[in-house]
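Worksheet: one structure, shown below.
The values are calculated or read from the model by the stated rules, or taken from the named source; none is laboratory data. These figures come from a predicted structure and were not determined experimentally. Positions of Cβ are generated from backbone atoms using ideal geometry, with glycine treated the same way; all protein chains shown enter the neighbour counts. Accessible surface areas use protein heavy atoms only, side chains included; no ligands, DNA or RNA. Shrake-Rupley method; radii C 1.70, N 1.55, O 1.52, S 1.80 Å.
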Amino acid sequence: MSSPHVSERSSAALIARFLRARGVDRVFALCGGHVMPTWMRLDAEGIRIVDVRDERAAVYMAHAHAELTGQLGVALVTAGPGVTNAMTGIANAHASRAPVLVLSGTPPRPQENRGALQDMAHVDFVRPLTRYARTVREPDLVLQELDEAVARAFGQGGEPGPVFLDFPVDTLRAEPSPALQLPEYFMPRPPQRLLPDPAAVAQAVELIWSAKRPLVITGRGARGAGPALQALLDTLGAAYLDTGESRGLVPDEHPSVVAAMRGTVMGQADLVITIGRRLDFQLAFGSPAVYGAARFVRMADTASELRDNRRGAAEILATPSAAIEALLAAAGDRAPATERQWTAGLREQHLARAAKLQRSMAEAPDGSDGLMHPNRLLAALRRALPADTAVVADGGDFLSFARVGLPASTYLDPGPLGCIGIGTPFGIAAALALPDRRVAVVTGDGAFGFNAMEIDTAARHQVPLLIVVANNGSWAIEVRDQQETHGKVVGTRLQFADHAAMARGFGLHAERVERADQLPGAIARALAVRGPALLDVLVTPEAASSDAKSGLAWVPDLQALGAWDQAERRWRAVGDATDPR
């Protein structure tokens, strides 16, 4: 007996037409009976299906696609365990505010609540992680619900982030009324600019142009504001820190970039300007214990990046590019009070530290175990990779090395959720989204293991992707913490598994690299491959990353880093908000 026919007038076909009209050209998915009508109609509509090995990876890929293209990322997962598997990916998109649409299915309506296969209330599970979650039972509401979900994903009326819709399979096969398929639902909806309040702009101009040591910090919300941001930095002569959310927005060559002086500039600035960036654990929650007497000006297009943890002396709720342009226009020819020698001094120290790091990376000594330092690997990659390589960095300990050791104009990492394991899925999506650029995944071995099976996806789709596994046979940050804090290592050592052998089993070009002098040849051979390639590079677990030294592993009470936690304790003990020290 064959399955029921799914016509071109069905709800499933309507979903596919809607997605195509909204610019979706690929969907990341894992098949199942409850989503098969949608699956087949997507194919009929000419939308590419990138079929994966785990639903979590499908959502990761949709997330990376959205981050890199600015378009909607779409994942299609089946019912029951398909949705529960996807939830980590949904949680990561939630924390990163990524516009991702997750579609699923449920049993036919006559079988609801009767013990049907994979009959679960998905919406109850995902509602806390999404901006919108609905089960759409009525065929005539399919188009309306899709439209609303996509609007919510892009933050129209709220914070951007993942949304979820599922459909009973008989609803997918049913035929909605043509009368309700109004043309406006199929119209492209470009993002709207939110213009700033002139009074808020005037207040911010007074603070910013009066500051002597202004510091600008950007995040997710600033991604579309690159030219305006650089114009602001040029005008002010301010110091600048990017974050993983906005890396590459301002080129490393810009005189305002002082990333290597992060701790110093955070403590010396008298005004901190955040643009589309939360003051989360990575920025010490904006605490006076770290920023001293500095005042804050905050600009964002969503409240979660405007008021969290530290209110601004001035706040502008607007599209960041529009807010910056308004600031520049309102200031006119007014000369800023910035002490440019302060910024220049920080820049000089930044360049000196960066040059010292680059030299030390190439000369980093092997461990007592004879294995190379992770920085030797990063130095070799730095020499070999094209300048415009898009980098996906993944892991705990190795991420700490890669974050500072491997420059990139396009960069993705596990994000504020610390969701390690994103490397290969993010890399696959990046390579498909950026077909004219090299994409490299640099990952620790522990992180690689979470989604190692996705190398099969890379092989089947012949994705031109370089995966480099820094294999230290351990969860290195935790090993060091256990040794120093508890005096013994418990359950945090791995084996030096042969990931190259595994990759070759799936058809990848793969090599195991045991010595630093083997790196140039191995990297060159991997880069010459047209499809996916993997290098399994043995590195010493004895190398201590900055994160391993910072107290991150033992999770201090008040701040993420040990030094910040101590500063916070001293500041709170003073008991005077007017005296930050």
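Among the numbered conditions (1) within 30 Å of ILE316 (Cα to Cα); (2) out of contact with any helix residue (DSSP H, G or I) (no Cβ under 9 Å at 6 or more places or on another chain); (3) touching a residue at least 24 places away in the same chain (Cβ under 8 Å), the only one that VAL123 does not meet is (1). The set of residues from the range 303-312 being of a type outside the set (Gly, Ala, Ser) and open to solvent by less than 30 Å² (accessible area, probe 1.4 Å) comprises GLU305, LEU306.
Note on the range 390-410: residues that are of a type in the set (Ser, Thr, Tyr) and surrounded by fewer than 22 Cβ atoms within 10 Å (Cβ to Cβ) total 2.
For the range 199-227, how many residues meet the condition of being open to solvent by less than 50 Å² (accessible area, probe 1.4 Å) and not hydroxyl-bearing (Ser, Thr, Tyr)?
Taking the range 199-227 as the starting set, the residues that turn out to be open to solvent by less than 50 Å² (accessible area, probe 1.4 Å) are 200-201, 204-205, 207-209, 211, 214-222, 225-226.
Filter again for not hydroxyl-bearing (Ser, Thr, Tyr), leaving 200-201, 204-205, 207-209, 211, 214-217, 219-222, 225-226.
So the answer is 18.
Taking the numbered list (1) outside any helix (DSSP H, G or I); (2) touching a Lys or Arg at 6+ places or on another chain (Cβ under 8 Å) in turn, ALA500 passes all entries but (1).
Could you list, in sequence order, the residues of the range 95-147 that are aliphatic (A, V, I, L, M) and touching a Lys or Arg at 6+ places or on another chain (Cβ under 8 Å)? If you could, list the steps in order and put the result at the bottom.
We begin by selecting, within the range 95-147, every residue aliphatic (A, V, I, L, M); these are 95, 98, 100-103, 116-117, 120-121, 123, 126, 129, 133, 136, 141-143, 146.
Hits for the range 95-147 are VAL123, ALA133.
Between GLU348, GLU315, GLU325, GLU339, which is charged (D, E, K, R), closer than 19 Å to PRO227 by Cα and surrounded by fewer than 22 Cβ atoms within 10 Å (Cβ to Cβ)? Reasoning before the result, please.
Details: GLU348 fails: closer than 19 Å to PRO227 by Cα; GLU315 fails: closer than 19 Å to PRO227 by Cα; GLU339 fails: closer than 19 Å to PRO227 by Cα.
Result: GLU325 is the single residue among GLU348, GLU315, GLU325, GLU339 that is charged (D, E, K, R), closer than 19 Å to PRO227 by Cα and surrounded by fewer than 22 Cβ atoms within 10 Å (Cβ to Cβ).
Yes/no matrix, rows are residues, columns are (1) part of a loop (DSSP other than H, G, I, E, B); (2) at pLDDT 95 or above:
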residue: GLN358; (1), (2): no, no
residue: PRO365; (1), (2): yes, no
residue: LEU377; (1), (2): no, yes
residue: ALA380; (1), (2): no, yes
residue: ALA387; (1), (2): yes, no
residue: VAL391; (1), (2): no, yes
residue: ASP436; (1), (2): yes, yes
residue: THR457; (1), (2): no, yes
residue: PRO464; (1), (2): yes, yes
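Does the range 374-426 hold any residues that are within 11 Å of ALA440 (Cα to Cα) and of a type in the set (Ser, Thr, Tyr), and which are they? The answer is THR389, THR410, TYR411, THR424. Just one of the numbered conditions (1) open to solvent by less than 10 Å² (accessible area, probe 1.4 Å); (2) closer than 23 Å to THR540 by Cβ; (3) in contact with a Ser or Thr (Cβ under 8 Å, 6 or more places away or on another chain) is not true of ASN451: (2).
Screening GLU175 on (1) in contact (Cβ under 8 Å) with a residue 40 or more places away in the chain; (2) open to solvent by less than 70 Å² (accessible area, probe 1.4 Å); (3) closer than 17 Å to SER11 by Cα; (4) not aliphatic (A, V, I, L, M) shows it passes everything except condition (2).
Which is touching a residue at least 12 places away in the same chain (Cβ under 8 Å), of a type in the set (Asp, Glu) and open to solvent by 60 Å² or more (accessible area, probe 1.4 Å), of ASP445, ASP517, ASP498, ASP536?
On inspection, the qualifying residue turns out to be ASP498.
Only one of ALA440, ALA458, ALA387, ALA429 is buried (at least 24 other Cβ atoms within 10 Å of the Cβ) and free of Cβ contacts under 8 Å to residues at least 60 places away in the same chain. Can you tell me which? Quick ask: steps written out before the conclusion?
Values: ALA458 fails: free of Cβ contacts under 8 Å to residues at least 60 places away in the same chain; ALA387 fails: buried (at least 24 other Cβ atoms within 10 Å of the Cβ); ALA429 fails: free of Cβ contacts under 8 Å to residues at least 60 places away in the same chain.
Among ALA440, ALA458, ALA387, ALA429, only ALA440 is buried (at least 24 other Cβ atoms within 10 Å of the Cβ) and free of Cβ contacts under 8 Å to residues at least 60 places away in the same chain.
Looking at VAL74, is it closer than 21 Å to ALA458 by Cβ, assigned to a strand (DSSP E or B), open to solvent by less than 30 Å² (accessible area, probe 1.4 Å) and in contact with a helix residue (DSSP H, G or I) (Cβ under 9 Å, 6 or more places away or on another chain)? The answer is yes for VAL74.
Of these, SER2, SER7, which one is open to solvent by 50 Å² or more (accessible area, probe 1.4 Å), among the small types (Gly, Ala, Ser), outside any helix (DSSP H, G or I) and at pLDDT below 95?
After applying the criteria, what remains is SER2.
Looking across the range 16-27 at every residue that is under 28 Å from GLU112 (Cβ atoms) and either aromatic (Phe, Trp, Tyr) or open to solvent by 10 Å² or more (accessible area, probe 1.4 Å) (or both), the one that is nearest to the chain's Cα centre (by Cα) is identified as PHE18.
Does GLY370 qualify as being open to solvent by less than 70 Å² (accessible area, probe 1.4 Å), outside any strand (DSSP E or B) and out of contact with any strand residue (DSSP E or B) (no Cβ under 8 Å at 6 or more places or on another chain)? Even if it seems obvious, please write down each step before you answer.
Working: open to solvent by less than 70 Å² (accessible area, probe 1.4 Å): yes; outside any strand (DSSP E or B): yes; out of contact with any strand residue (DSSP E or B) (no Cβ under 8 Å at 6 or more places or on another chain): yes.
In short, yes.
Take VAL479 and decide whether it is in contact (Cβ under 8 Å) with a residue 12 or more places away in the chain, over 27 Å from GLU55 (Cβ atoms) and open to solvent by 50 Å² or more (accessible area, probe 1.4 Å). Spelling it out, it is not the case that VAL479 is in contact (Cβ under 8 Å) with a residue 12 or more places away in the chain, over 27 Å from GLU55 (Cβ atoms) and open to solvent by 50 Å² or more (accessible area, probe 1.4 Å). Flag set for ALA380, criterion: open to solvent by less than 80 Å² (accessible area, probe 1.4 Å), under 21 Å from GLU542 (Cβ atoms) and of a type in the set (Gly, Ala, Ser).
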